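Engineer: Can you read through this structure? Questions will come right after.
The values are calculated or read from the model by the stated rules, or taken from the named source; none is laboratory data. Just so you know, these numbers come straight off a predicted model, no measurement behind them. In this analysis, Cβ positions are derived from the backbone assuming ideal geometry, glycine residues included, and neighbour counts consider all displayed protein chains. The accessibility values were calculated without ligands, DNA or RNA, using every heavy atom of the protein model including side chains. Shrake-Rupley method; radii C 1.70, N 1.55, O 1.52, S 1.80 Å.
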Amino acid sequence: MLMKAIIVYASVHHGNTKKIVEAMAQELGADLADITQKKDMDLSAYDVIGLASGVFFHSMHEEIRKLIENITFSENQNVFTVTTCGVGYCNYAKGAARKLQEKGARYLGNFQCRGYDTFGPFGKIGGIAKHHPNDRDKDKARKFVREKVKGMGKEKGRER
Ligand SMILES: Cc1cc2nc3c(=O)[nH]c(=O)nc-3n(C[C@H](O)[C@H](O)[C@H](O)COP(=O)(O)O)c2cc1C
């Protein structure tokens, strides 16, 4: 079966997340949609949905959170998340993952890497994670979708 995939993203700070989702979309042959430009999206035709954004005050972008709140998943839809963050000390997609699972999506996991951050005091020191996402981050992102999305259902004993 031909898999139809889309990655919906918000990348508003420095375009960090956009760099990652472009690499992933190329690897997957997925459509890309910027949720800050187009709010009413019909995702019903997709087998795989990626939801991606920078991290803002420990959470995903508001528009992505709203989409998760409002969407209804069909039984066969698979969802993964992508977060880019200035300070990468925890998985910032935990809340989104919980919500997605509550709503019946098949959750494939989160890809996270650091992204150039000039928010608040970090801006005064020239920003942090200055050269991220870099080529290595993009390679890891491609590997994530190869393994988690293209390899869907191939792992032994995978449970729903
Ligand atoms: C208002 C604001 C709040 C942020 N809050 C966090 C945060 O809580 N934790 C973190 O690690 N990074 C935080 N960041 C940094 C961004 O998550 C990071 O730069 C991200 O890569 C931005 O992605 P984008 O360029 O795709 O929008 C924040 C940035 C801004 C502008």
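Engineer: Between residue 99 and residue 140, what FRET efficiency comes out of the Förster formula 1/(1 + (r/R0)^6) with R0 = 25 Å and r the beta carbon distance, rounded to 0.05?
Structural biologist: For R0 = 25 Å, the calculated efficiency reads 0.50.
Engineer: Next question, about the same structure. Which of 101, 77, 37 moves the most in a Gaussian network model of the chain with Cα springs under 10 Å?
Structural biologist: 37
Engineer: Summing Lys, Arg as +1 and Asp, Glu as -1, what charge do residues with Cβ under 14 Å from the Cβ of residue 136 carry, residue 136 excluded?
Structural biologist: The answer is +3.
Engineer: Using a simple spin-label model with points 7 Å from Cα along the Cα→Cβ vector, what separation in nm is obtained for residue 41 and residue 91?
Structural biologist: The modelled label-to-label distance comes out at 2.2 nm.
Engineer: Grab the alpha carbons of segment 75-160, take their convex hull, and tell me the volume per residue in Å³.
Structural biologist: Residue-normalised Cα hull volume stands at 103 Å³.
Engineer: Calculate the spin-label point distance for residue 72 paired with residue 119, positioning each point 7 Å from the Cα along the beta-carbon direction, and give it in nanometres.
Structural biologist: The modelled label-to-label distance comes out at 3.4 nm.
Engineer: Mind jotting down the three principal axis lengths of the chain based on Cα atoms? Whole angstrom, largest first.
Structural biologist: 50, 31, 26
Engineer: Which FRET efficiency, nearest 0.05, do residue 62 and residue 31 yield, Cβ-Cβ r, R0 22 Å?
Structural biologist: Given R0 = 22 Å and the Cβ-Cβ separation, E is 0.50.
Engineer: Report in % the part of the accessible area of segment 48-100 that belongs to carbon and sulfur, leaving out ligands and nucleic acids; probe 1.4 Å.
Structural biologist: 49 percent
Engineer: Averaging sequence separations of C-alpha pairs under 8 Å and six or more residues apart, then dividing by the length of the chain, give the relative contact order as a whole percent.
Structural biologist: For the chain, the relative contact order is 23 percent.
Engineer: Let me cross-check residue 107: its accessible surface, 1.4 Å probe, with only protein heavy atoms counted, in Å² to the nearest 10?
Structural biologist: 50 Å²
Engineer: For the chain, what is the percent of antiparallel DSSP beta bridges, rounded to the nearest 5?
Structural biologist: Of those bridges, close to 10 percent are antiparallel.
Engineer: Return one whole number: the accessible area per residue of segment 5-150 in Å², for a 1.4 Å probe.
Structural biologist: 51 Å²
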